[in-house]
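Asks: Take this structure, written in structure tokens, and hold onto it; I'll ask about it next.
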Amino acid sequence: MVVNVEEDIRAIANRYAEQLSKKVAKRVLDMDSDDTSHFLIYRVLGVSENEGRNIDVYQNKGRFLYRYAGAFLEEATKVCFKSRFPGAKTIKVDNTRGSKPKTFEIDIADEVSKVGIEVKWRDATTDGDHITKEHTRLLAVKDAGYTPIRVMYYYPNREQALRVQRALASLYREAGGQYFAGEEAWQFVVDKTGVDLLRILTELAEEKT
């Protein structure tokens, strides 16, 4: 079973890597025809035209990389849970605590164990409104009959973002849910599914780099 999971994750990783490479290549090519008149302001601030161009390129690459990293890790996590809980799936539940948004998505919902898992690869949000929205989301998940669980693999680096995560951890526990981040997140996946996702991804990373 674990062998099949590893094969599935490897295939997913290859697919995302290929898609990312194509997206980045197309964007860099498109940027060759971009209006670069704003480089004037870069130069005023002491940034050369060449450095400014590189910054713009890597900013665009970074946006794609973060998006694909999150999507890949979420899908890989789903594969782990599907191997242990075949009925697990992504669903939407009504927002029972407000009008916007109308629904919230549960990344991994299992009717047997009644867990509702949100997967985050890394949440660096510093906006206070984020706490309110996430609190509303976890209460809606609980109202739908699931135990709200947040799995975040990597902590943010900035103190303000860390404070947001500490606040979210408290809200999950107060609501009877669970919050796992960093090493605890990887271990939670092992404990629940029997799949050592971190080991699999570490081996993949070493092969590719």
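The values are calculated or read from the model by the stated rules, or taken from the named source; none is laboratory data. Given the structure is predicted, the values throughout are model-derived calculations rather than measurements. Cβ atoms come from the backbone with ideal geometry, glycine included; neighbour counts cover every protein chain shown.
Asks: Residues being crowded, with 17+ Cβ neighbours inside 10 Å and charged (D, E, K, R): count how many of those fall in the range 76-95.
Replies: 2
Asks: Being among the hydrophobic types (A, V, I, L, M, F, W, C), closer than 20 Å to Ala69 by Cα and modelled with pLDDT of 95 or more narrows it down to one of Leu139, Leu197, so name that one.
Replies: Values: Leu139 fails: closer than 20 Å to Ala69 by Cα.
Exactly one residue qualifies, and that residue is Leu197.
Asks: Take the conditions touching a residue at least 40 places away in the same chain (Cβ under 8 Å), within 25 Å of Ile9 (Cβ to Cβ) and not assigned by TED's automatic domain parsing to the domain that holds Lys22 and apply them to Ile91. Does it pass?
Replies: The answer is no for Ile91.
Asks: Could we say that Asp129 is surrounded by fewer than 17 Cβ atoms within 10 Å (Cβ to Cβ) and in the same structural domain as Thr147 (by TED's automatic domain parsing) here?
Replies: Yes; evaluated as a whole, the condition is true for this residue.
Asks: If Arg97 passes every condition in (1) assigned to a loop (DSSP other than H, G, I, E, B); (2) farther than 30 Å from Phe188 by Cβ but one, which one does it miss?
Replies: Arg97 satisfies every listed condition except (2).
Asks: Condition test on Val57, is it without any contact (Cβ under 8 Å) to a residue 24 or more places away in the chain, aliphatic (A, V, I, L, M), surrounded by fewer than 16 Cβ atoms within 10 Å (Cβ to Cβ) and not assigned by TED's automatic domain parsing to the domain that holds Leu139?
Replies: So Val57 fails the test.
Asks: All but one of (1) under 23 Å from Gly116 (Cα atoms); (2) part of a helix (DSSP H, G or I); (3) not hydrophobic (A, V, I, L, M, F, W, C) hold for Gly176; which doesn't?
Replies: Failed condition: (2).
Asks: Say we look at the range 144-168 and pick out the residues that are charged (D, E, K, R) and surrounded by 14 or more Cβ atoms within 10 Å (Cβ to Cβ); which of these is modelled with the lowest pLDDT?
Replies: By that ranking, first place goes to Arg163.
Asks: Go through (1) more than 18 Å from the chain's Cα centre (by Cα); (2) part of a strand (DSSP E or B) one by one and return the number of the condition Lys142 breaks.
Replies: Going through the list (1) more than 18 Å from the chain's Cα centre (by Cα); (2) part of a strand (DSSP E or B), Lys142 breaks only (2).
Asks: Only one of these is of a type outside the set (S, T, N, Q), part of a helix (DSSP H, G or I) and under 18 Å from the mean Cα position of the chain (by Cα): Ile108, Ile149, Ile117, Ile131. Name it.
Replies: That would be Ile131, the only listed residue that is of a type outside the set (S, T, N, Q), part of a helix (DSSP H, G or I) and under 18 Å from the mean Cα position of the chain (by Cα).
Asks: Which one of Leu171, Leu138, Leu73 is surrounded by 14 or more Cβ atoms within 10 Å (Cβ to Cβ), closer than 25 Å to Lys192 by Cα and either of a type in the set (D, E, K, R) or in the same structural domain as Ala11 (by TED's automatic domain parsing) (or both)?
Replies: Only one candidate qualifies: Leu73.
Asks: Still on this model: It is to be established whether one or more residues within the range 29-46 are in contact (Cβ under 8 Å) with a residue 24 or more places away in the chain, assigned to a helix (DSSP H, G or I) and either aliphatic (A, V, I, L, M) or over 30 Å from Val151 (Cβ atoms) (or both).
Replies: yes
Asks: Might you let me know whether the range 45-54 holds any residue that is farther than 30 Å from Lys142 by Cα, of a type in the set (Ser, Thr, Tyr) and surrounded by 13 or more Cβ atoms within 10 Å (Cβ to Cβ)? Spell out how you get there, then give the answer.
Replies: First, the residues of the range 45-54 that are farther than 30 Å from Lys142 by Cα: 45-54.
Narrowing further to those that are of a type in the set (Ser, Thr, Tyr): 48.
Still in the running and surrounded by 13 or more Cβ atoms within 10 Å (Cβ to Cβ): none.
No: zero hits.
Asks: For the range 70-82, indicate whether the set of residues that are closer than 30 Å to Thr147 by Cβ and over 22 Å from the mean Cα position of the chain (by Cα) is non-empty.
Replies: no
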